[in-house]
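The values are calculated or read from the model by the stated rules, or taken from the named source; none is laboratory data. Since this is a predicted model, take the numbers as computed values, not measurements. With ideal geometry, Cβ positions are generated from the backbone for all residues, glycine too; neighbour counts draw on all protein chains shown.
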Amino acid sequence: MILRILKYGDPVLRKKGARIEFITLEIERLIADMLETMRAARGVGLAAHQVGHALQLAVLDVTGVTDRPSTLEIEGQPAALESFMPVVLINPEITPIGEYAKAPEGCLSFPEIYTDISRPESVEVQAQNGHGEKFSFRAGGLLARAVQHEVDHLNGILFIDRMEMATRRELKAELEALQAETKANLQVKR
């Protein structure tokens with residue numbers, strides 16, 4: 001089922017996600033719905049927060065993105081991205097590696113807003129998959145950026161928090177309009 005994606009201004013987006021201790025039928029259903037929602041929205045990642053659940057859960061799939069390459073290593077060896085995607089991250093922990101680099105980012109919770117964000121070029125990731133099994137990998141390129149973006153969501157951090165102040169000032173009117181629209185919609189639903 002395609003879920004509604006929360007927009008900037010919804011308080012759920014600012015909450016720290018709760019750890020997932022057990023993989024229940026509800027969690028399995030949420031994972032399936034999040035994957036369907038992410039694909040329908042043509043995103044490369046989606047955090048549970050973005051669909052109204054403050055949980056340590058994100059899904060990613062960067063296959064099909066050819067203009068921004070990704071790298072993947074499992075147990076120190078290069079791995080095929082296609083056989084690894086989509087990936088489910090439960091209770092992820094990341095370790096940044098390498099230099100910072102600027103690259104464009106967007107977010108499904110911020111429609112039509114894109115800007116360059118500086119992030120480490122690579123990350124080591126430890127997480128559980130959709131079956132609760134622990135796994136780890138090293139990501140580079142777009143995959144590393146997407147992992148960092150989604151893990152930020154799980155901690156209540158939004159990509160606007162990573163923007164340079166000058167960029168945030170330039171986008172101030174758009175961000176305020178989006179936030180006001182979201183808050184007005186929340187008032188109507190109460």
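Points to keep in mind about this one:
- Applying a threshold of 8 Å to beta carbon distances and a minimum spacing of six or more residues, or different chains, the list of pairs starting in segment 88-103 at a residue that is touching a residue at least 60 places away in the same chain (Cβ under 8 Å) and ending at one that is loosely packed, with under 14 Cβ neighbours inside 10 Å and among the small types (G, A, S) reads I90/G132.
- Taking the criterion of being surrounded by fewer than 19 Cβ atoms within 10 Å (Cβ to Cβ) and among the polar types (S, T, N, Q), the residues of segment 116-127 that qualify are S118, Q126.
- The requirement of being surrounded by 18 or more Cβ atoms within 10 Å (Cβ to Cβ), of a type in the set (D, E, K, R) and touching a residue at least 40 places away in the same chain (Cβ under 8 Å) is not satisfied by D61.
- Any hit, segment 98-113, residues being of a type outside the set (G, A, S), surrounded by 19 or more Cβ atoms within 10 Å (Cβ to Cβ) and touching an Asp or Glu at 6+ places or on another chain (Cβ under 8 Å): yes
- Cβ-Cβ distances below 9 Å connect the following pairs, each with a first residue in segment 37-48 that is touching a residue at least 40 places away in the same chain (Cβ under 8 Å), a second residue that is among the acidic types (D, E) and in a helix (DSSP H, G or I), and a separation of six or more residues or different chains: G45/E150; L46/E150; A47/E150; A47/D152.
- Members of segment 97-144 that are under 26 Å from A80 (Cβ atoms), hydrophobic (A, V, I, L, M, F, W, C) and in contact with a Phe, Trp or Tyr (Cβ under 7 Å, 6 or more places away or on another chain): V125, A127
- Every condition in (1) in contact with a Leu (Cβ under 8 Å, 6 or more places away or on another chain); (2) under 18 Å from V147 (Cα atoms) holds for E82 except the one numbered (1).
- For segment 64-97, a tally of residues being more than 19 Å from the chain's Cα centre (by Cα) and surrounded by 11 or more Cβ atoms within 10 Å (Cβ to Cβ) returns 3.
- Considering only residues in segment 6-58 that are of a type in the set (S, T, N, Q) and either at pLDDT below 95 or farther than 21 Å from N185 by Cβ (or both), the one that is surrounded by the fewest Cβ atoms within 10 Å (Cβ to Cβ) turns out to be T24.
- Sub-8 Å Cβ pairs linking a first residue in segment 112-125 that is within 16 Å of D161 (Cα to Cα) to a second residue that is hydroxyl-bearing (S, T, Y), at least 6 apart or interchain, are T115/T167; D116/T167; S118/Y100; R119/Y100; P120/Y100, ordered by first then second residue.
- Lone qualifier among R68, R29 - being basic (K, R) and either closer than 30 Å to K172 by Cα or part of a strand (DSSP E or B) (or both): R68
- Residues in segment 7-45 that are among the hydrophobic types (A, V, I, L, M, F, W, C) and more than 20 Å from P92 (Cβ to Cβ): 3 in all.
- Conditions (1) touching a residue at least 40 places away in the same chain (Cβ under 8 Å); (2) hydroxyl-bearing (S, T, Y); (3) out of contact with any Leu (no Cβ under 6 Å at 6 or more places or on another chain): number failed by T24: (1)
- Residue within segment 48-58 that is assigned to a loop (DSSP other than H, G, I, E, B), within 16 Å of E150 (Cβ to Cβ), hydrophobic (A, V, I, L, M, F, W, C) and touching a Lys or Arg at 6+ places or on another chain (Cβ under 8 Å) present: yes
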